[in-house]
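Below is one structure, written out as structure tokens; the observations come after it.
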Amino acid sequence: MIYLVRHAHAGDKQTWPGPDDRRPLSSPGRAEAHGLLTRLATARVATIVSSPALRCRQTVAALAAQRGVPVGLDPRLGVQADLAAAMALLFTADPDQDVVLCTHGEVIERLLGALRAGGAPVNRDATWPKGSTWVLRTDGATITAADYLPPLALAVEPAY
């Protein structure tokens, strides 16, 4: 199964003073990232791949730490990713393993549109708010199911 995650809330990019790829998660975003631990509690995550953007890496960091899985960085999940390259990444995932891919809303919008156009069961009213997840089931060649999981914001345990 592929878990296509949109990065959690990272504040307003218009007011962020630094490079956009270094924009961190906000407090609500950290709670949404923590919510992934519950959302994906039953997933047997074998691989986690993220856009190189800090907010994406931070979104999956707690999940990676909990599962003992390193986070791979892949520019095919970057905000300016080529659609064909991002699609190829979806279909190179092992259909027998659970894979988490963390990316940006712009990429998810294009991926879901292309999947729908290719016959995947993606609703025309599909949404992808920050911190949300799309669960994509594949047989290796096609997407056979696409289910939406809304963001879940949970309190983050304080670090002592």
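Quick notes
- Residue count for region 25-46, restricted to those that are surrounded by fewer than 19 Cβ atoms within 10 Å (Cβ to Cβ) and charged (D, E, K, R): 1.
- Pro70 vs. criteria modelled with pLDDT of 95 or more and surrounded by fewer than 16 Cβ atoms within 10 Å (Cβ to Cβ): yes
- Residue in region 120-128 that is hydroxyl-bearing (Ser, Thr, Tyr) and without any contact (Cβ under 8 Å) to a residue 24 or more places away in the chain present: yes
- When residues of region 129-139 are limited to those that are crowded, with 22+ Cβ neighbours inside 10 Å and not hydroxyl-bearing (Ser, Thr, Tyr), the one farthest from Ile2 (Cα to Cα): Gly131
- The sole residue among Val100, Val60, Val49 that is touching a residue at least 40 places away in the same chain (Cβ under 8 Å), under 23 Å from Gly118 (Cα atoms), buried (at least 19 other Cβ atoms within 10 Å of the Cβ) and under 14 Å from the mean Cα position of the chain (by Cα) is Val100.
- Applying the condition of being out of contact with any Leu (no Cβ under 9 Å at 6 or more places or on another chain) and part of a helix (DSSP H, G or I) to region 86-99 and asking which residue is modelled with the highest pLDDT yields Ala88.
- Taking the criterion of being in contact with a His (Cβ under 8 Å, 6 or more places away or on another chain) and either closer than 17 Å to Asp147 by Cα or part of a helix (DSSP H, G or I) (or both), the residues of region 1-56 that qualify are Arg6, Pro28, Gly29, Glu32, Arg55, Cys56.
The values are calculated or read from the model by the stated rules, or taken from the named source; none is laboratory data. Please read all numbers here as calculations on a predicted model, not as lab measurements. A quick note on method: Cβ atoms are made from the backbone with ideal geometry, for glycine too, and the neighbour counts reach across all protein chains shown.
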